[in-house]
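Heads up: the structure comes next, in structure tokens.
The values are calculated or read from the model by the stated rules, or taken from the named source; none is laboratory data. The shown structure was predicted, so the numbers you read here are calculated from the model rather than taken from an experiment. Because the Cβ atoms are built from the backbone with ideal geometry, glycine has one as well, and the counts that use them run over all protein chains shown.
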Amino acid sequence: MTSPAPIHPASSAIEDAHSATRAITRLSVGVAVVLIALKAFALGASGSVSILASLADSALDLVASLGVFFAVRWAAAPPDEDHRHGHGKGEALAAMVQAGLVFASALFVGWEALQRIFDPRPVSSGYWGVLVILISIALTGWLVWMQGRAIRNSGSMAVKADRAHYTSDLASNVVVLIGVISGTFLSAPGLDAAAGLVVAVWLFWGALGMLKSAADHLVDKALPESDRIAMTTAVLADSRISGVHQLRTRMAGSVVMIQMHVDLDPNLTLEAAHTILVEAENRLLAGWPRADILIHPDPRGRAEIHGGVFAETAAEASPTNPTPTPKTRKGPWA
């Protein structure tokens, strides 16, 4: 009887990450449903614009959380014939949808708040509003804490966007609480409307951050320089590798894509070169367990310009410059 093939550590790490994202997205949807029910009750009892703002935000939270719920499952699908790099960027698409929903929420809440500033309406049954917002703060804080744990296990961009959204909710709920208290106990409904306006500005600012993160992901922004230096250092820990060039990094969901060329002794056998590269891959996987790695060996001192559209220049690939610094440009039109 044949024994089952061993599971690669990278595959195991990715599966653990997907399990963590699936569990936290279920929790996120459940919390959003509970918050909507609570805030709808509080809005009916109080008529507070701050609670209306918070309810609108929670309704969009549910839509966004459902988007993340399905996105992380699609992103977890293994590579297929049409998606050889996997489906990880589905998480970035979900984050962009979230940003759009938050922008819409900010505009709606801001418009309603401005109307109430010029036409204040009294806040009634504020005790219910205060109680519901306190419960909302407790539930949201617990969810954000759980999402932080899931992010540490998965690195999921979609969950990060969801967490950023709920973190802003946590702060906005505090502002809402101030608005309801001021409208109920201080007889200042204008402050309630102003609190709703603060929530709208907060949502808009949070959406900008989500949009930037998702855009960086979709346009294949490289990992931070500190990570690239650490990768180069890990590969060059083997003295048989004399140089690293054409290092390229990007994210596909929670998977780090790493590509590079390395300089090896041209007299090595294919088997020896292969062994060296596998050892280098394992050193990289120790630091980035959710990575997909492709290392191309170049014969030291004999490499020619190759690689297609983004091939390096002869100077960049020369033995006198084994780890060249990529050319810096101010932008695509520079």
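Inside segment 248-267, can you point out the residues that are more than 19 Å from residue 154 (Cβ to Cβ) and in contact (Cβ under 8 Å) with a residue 12 or more places away in the chain? Those that are more than 19 Å from residue 154 (Cβ to Cβ) and in contact (Cβ under 8 Å) with a residue 12 or more places away in the chain: 248, 259, 260, 261, 262, 263, 264, 265, 266.
Please specify each residue of segment 212-239 satisfying the condition of being assigned to a loop (DSSP other than H, G, I, E, B) and crowded, with 17+ Cβ neighbours inside 10 Å. 223, 236, listed by residue number. Checked against (1) out of contact with any Gly (no Cβ under 6 Å at 6 or more places or on another chain); (2) at pLDDT below 70, residue 177 passes all but a single condition, namely (2).
Yes/no per residue for (1) of a type in the set (A, V, I, L, M, F, W, C); (2) assigned to a helix (DSSP H, G or I):
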site: 248; (1), (2): no, no
site: 251; (1), (2): yes, no
site: 257; (1), (2): yes, no
site: 261; (1), (2): no, no
site: 268; (1), (2): yes, no
site: 271; (1), (2): no, yes
site: 275; (1), (2): no, yes
site: 280; (1), (2): yes, yes
site: 283; (1), (2): no, yes
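Rundown of residues vs (1) surrounded by fewer than 18 Cβ atoms within 10 Å (Cβ to Cβ); (2) in the same structural domain as residue 250 (by TED's automatic domain parsing); (3) acidic (Asp, Glu); (4) at pLDDT 75 or above, yes/no style:
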{"site": "82", "(1), (2), (3), (4)": "yes, no, yes, no"}
{"site": "90", "(1), (2), (3), (4)": "no, no, no, no"}
{"site": "99", "(1), (2), (3), (4)": "no, no, no, yes"}
{"site": "126", "(1), (2), (3), (4)": "no, no, no, no"}
{"site": "133", "(1), (2), (3), (4)": "no, no, no, yes"}
{"site": "143", "(1), (2), (3), (4)": "no, no, no, yes"}
{"site": "158", "(1), (2), (3), (4)": "no, no, no, no"}
{"site": "171", "(1), (2), (3), (4)": "yes, no, no, no"}
